[in-house]
1. Among all the aspartates and glutamates, which ones have a C-alpha under 13 Å from K8's C-alpha, if same-chain residues fewer than 8 places away are not counted?
2. Just the Cα atoms of segment 67-158, one point each, no solvent: what log10 I(q)/I(0) does Debye give at q = 0.13, 0.26 Å⁻¹?
3. Give me log10 I(q)/I(0) at q = 0.08, 0.10 Å⁻¹ for the chain, Debye formula, one equal scatterer per alpha-carbon, no solvent.
4. Find the Rg to Rh ratio for segment 211-254, where Rh is the Kirkwood radius over alpha-carbon pairs and Rg uses the same atoms.
5. Sort 186-192, 86-92, 126-132 by the packing proxy (mean of other Cβ within 10 Å over each peptide's residues), most packed first.
6. Check W228: other-chain or 5+ apart residues with amide H under 5 Å from its amide H, H built from backbone geometry?
7. Calculate the radius of gyration of the Cα atoms of segment 175-269 to one decimal place, then report Dmax, the largest Cα-Cα distance, as a whole number, both in Å.
8. Figure the gain on full extension for A172 and S105 (residue separation times 0.36 nm, minus the Cα-Cα span) and round it to one decimal in nm.
Amino acid sequence: MEQTAQSKKAPEQFVPFTARLMAAIRAKETERADRLFVDPFAAKLAGEEAFTVLEKQLTPQDLAYVAVRTCFFDDFLLDVCDRANQIVILASGMDTRAYRLPWSSQTKIYEIDRSFVLETKKSLLKDVAPTCQHYTIGADLTQPWSHLLLEKGYQPNLPSVWLLEGLLMYLAASEVDRLLETISQLTTNDSYLGLDSINVKSIEYEPYKGYFRFGCDYPEELLLKYGWLGKVIQPGDEGAYFGRYTDKLPPREVTDVERIFLVKAQKTT
Ligand code: SAM
């Protein structure tokens, strides 16, 4: 993604805007003859500015990554939802999984993001019915939020699934720690978690410098501290290729490489 210093938004504007940018990428994917998924709501949720930024500043590989990530986590959630029917999507942005995936009537999806992001999505999708029991919570995830989830009926003594997609890189390290600690306090040992994370080298990657704040070379170790056994793969690897992510990353022991990781984890303690 190329972006000049002059055109950079302030982080408090750019970070919520990335929700629309992700929707624009999913809309573009939906238009492809060889699409990996259909998100019928993405174009409406993206809005004009996001398509302009996408056309001017994103690379084909940026688009491929988000397409692969979407499929990867769609499959993950559908795979585990029979075992854990409370799904919590943190920083859900313009995610439409509550509307476009085939959930059972027992599935509860809780979405948390900043209020204005969720209000925008709600008003744009006001005529669309969710395919699950659906709850939204406006909150700043760097401040206490678990009481809001509990108030909506989330049951911490039952298994749950958590998704942190496109979130951790925008938080400070101490905020990531607090978030994982909070999630661990809210989960039983048969719960699941999915996330993506950049490595440390990628924090300084222009033009995201100033927006990206957290990177981690070994997400397995980070998760283990909070009781999660994680399986980490890189886009392009088997299971995260989907015939689309063609710039395969070198093996992880190769240093000085910008990387992004896709992670599935299960609670062990
Ligand atoms: N998960 C969605 C997706 O993959 O399309 C959105 C990802 S978007 C890259 C980043 C999202 O993180 C935005 O929706 C933004 O509002 C949310 N976010 C970042 N920091 C946050 C915070 N402190 N509290 C709540 N939401 C936050």
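The values are calculated or read from the model by the stated rules, or taken from the named source; none is laboratory data. The structure displayed is predicted, hence computed values, not measured ones. Methodologically, a virtual Cβ is constructed for each residue, glycine included, from the backbone with ideal geometry; neighbour enumeration extends over all protein chains shown. Heavy atoms of the whole protein, side chains included, go into the accessibility calculation; ligands, DNA and RNA do not. Shrake-Rupley method; radii C 1.70, N 1.55, O 1.52, S 1.80 Å.
1. Here the aspartates and glutamates satisfying the reach criterion relative to K8 are E206.
2. Computed log10 I(q)/I(0) values: -0.43, -1.50.
3. Debye curve over Cα of the chain, log10 I(q)/I(0) at q = 0.08, 0.10 Å⁻¹: -0.30, -0.47.
4. In segment 211-254, Rg relative to Rh is 1.04.
5. Numbers: 186-192: 18.6, 86-92: 24.1, 126-132: 12.6.
Top to bottom by mean Cβ count within 10 Å: 86-92, 186-192, 126-132.
6. T268
7. Considering segment 175-269 through its Cα atoms, Rg and Dmax are 14.3, 39 Å.
8. Going from the current span to full extension adds 20.4 nm.
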